[in-house]
Amino acid sequence: MLYTEAAKVGIALGSPIRLELLELLAQRERSVEDIAGEADLGIPNASRHLAVLARAHLVRRRRDGNRIFYRTIPGLSPGLLRSLRDTAIGTNPVLATVLGADFLVAGDADAAMRTAVARGRAGHAVLVDVRPRAEFETAHLPGAVSVPLQHIVSRGSRPRLPRDRELLVYCRGAFCAWADEAATVLRRRGFNANVLPLGPSEIANIGA
């Protein structure tokens, strides 16, 4: 029985779609319709995957009228997806090649994030959160400013960011390409922009 119950977590994590859904839900609570839209799934398919995550006790749901909302369980370790990702990178050369030699794991990534927050507090850098505004409002790095990706890449948009300080850009985590895209565009426009390795949901007590 013990192995059977524990295996439900492994089964739930054994799907790229469910890993993506967990990353989405780690940012903020979402309705089934919202999840389906962001993950490019049909609502019935999204519901099936969410049911698997719920059976593994990785997410909880609540009903509000005719709508159902999901969120990760309280106390879910920020390191869960990180540990899975770091293990995959360490054993899978394809992932290591895609992410590049500069990718940071474990303690190195935490140290880089703490240094970034300290530099932001000291006024030496600006932390730029390129996730959607609703995710920023739920949780973000201390001192960060919200500049969603679409406001950076839009030709008609000119975000008010300083040119005399380094911009440290982040999104949901290492598998989120938005930070790389935003930093590339910002550098083309003359900003000193670099990418941070982790997202807020992957970090515990980052402001300490």
Next on the checklist: Show me the strands (runs of 3 or more DSSP E) found entirely inside region 118-208 where at least 2 residues are open to solvent by less than 40 Å² (accessible area, probe 1.4 Å).
Outcome noted: 125-129, 166-170
Item to check | Close pairs from region 111-124: first within 13 Å of residue 200 (Cα to Cα), partner in a helix (DSSP H, G or I), Cβ under 9 Å, at least 6 apart | outcome: 113/202
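Checking the structure you have, find out if any residue of region 67-89 is part of a loop (DSSP other than H, G, I, E, B), open to solvent by 60 Å² or more (accessible area, probe 1.4 Å) and modelled with pLDDT of 90 or more.
Step one: list which residues in region 67-89 are part of a loop (DSSP other than H, G, I, E, B), which gives 73-78.
Those left that are additionally open to solvent by 60 Å² or more (accessible area, probe 1.4 Å): 74-75, 77.
This time we only want the ones that are modelled with pLDDT of 90 or more, so: none.
No, region 67-89 contains no residue that is part of a loop (DSSP other than H, G, I, E, B), open to solvent by 60 Å² or more (accessible area, probe 1.4 Å) and modelled with pLDDT of 90 or more.
When the residues of region 18-44 are narrowed to those that are assigned to a helix (DSSP H, G or I) and open to solvent by 50 Å² or more (accessible area, probe 1.4 Å), which ends up farthest from residue 131 (Cα to Cα)?
Step one: filter region 18-44 for residues assigned to a helix (DSSP H, G or I), giving 18-27, 32-38, 43-44.
Now restrict to residues that are open to solvent by 50 Å² or more (accessible area, probe 1.4 Å): 19-20, 33, 37-38, 43-44.
Values: 19: 18, 20: 15, 33: 19, 37: 16, 38: 13, 43: 23, 44: 26 Å.
Here the answer is 44.
Take region 1-17 and flag every residue that is of a type in the set (Gly, Ala, Ser) and open to solvent by 20 Å² or more (accessible area, probe 1.4 Å). If you could, list the steps in order and put the result at the bottom.
Of all residues in region 1-17, those of a type in the set (Gly, Ala, Ser) come to 6-7, 10, 12, 14-15.
Residues satisfying the conditions are 6, 7, 10, 14.
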Checklist outcome for this item: Result of the Cβ filter at 7 Å on region 160-183, keeping first residues that are at positive phi and partners that are open to solvent by less than 20 Å² (accessible area, probe 1.4 Å), at least 6 apart or interchain, is 173/198; 173/199; 173/202
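The values are calculated or read from the model by the stated rules, or taken from the named source; none is laboratory data. Computed from a predicted model, the values in this text were never measured in an experiment. Positions of Cβ are backbone-derived with ideal geometry, glycine not excepted, and every protein chain shown enters the neighbour counts. The accessibility values were calculated without ligands, DNA or RNA, using every heavy atom of the protein model including side chains. Shrake-Rupley method; radii C 1.70, N 1.55, O 1.52, S 1.80 Å.
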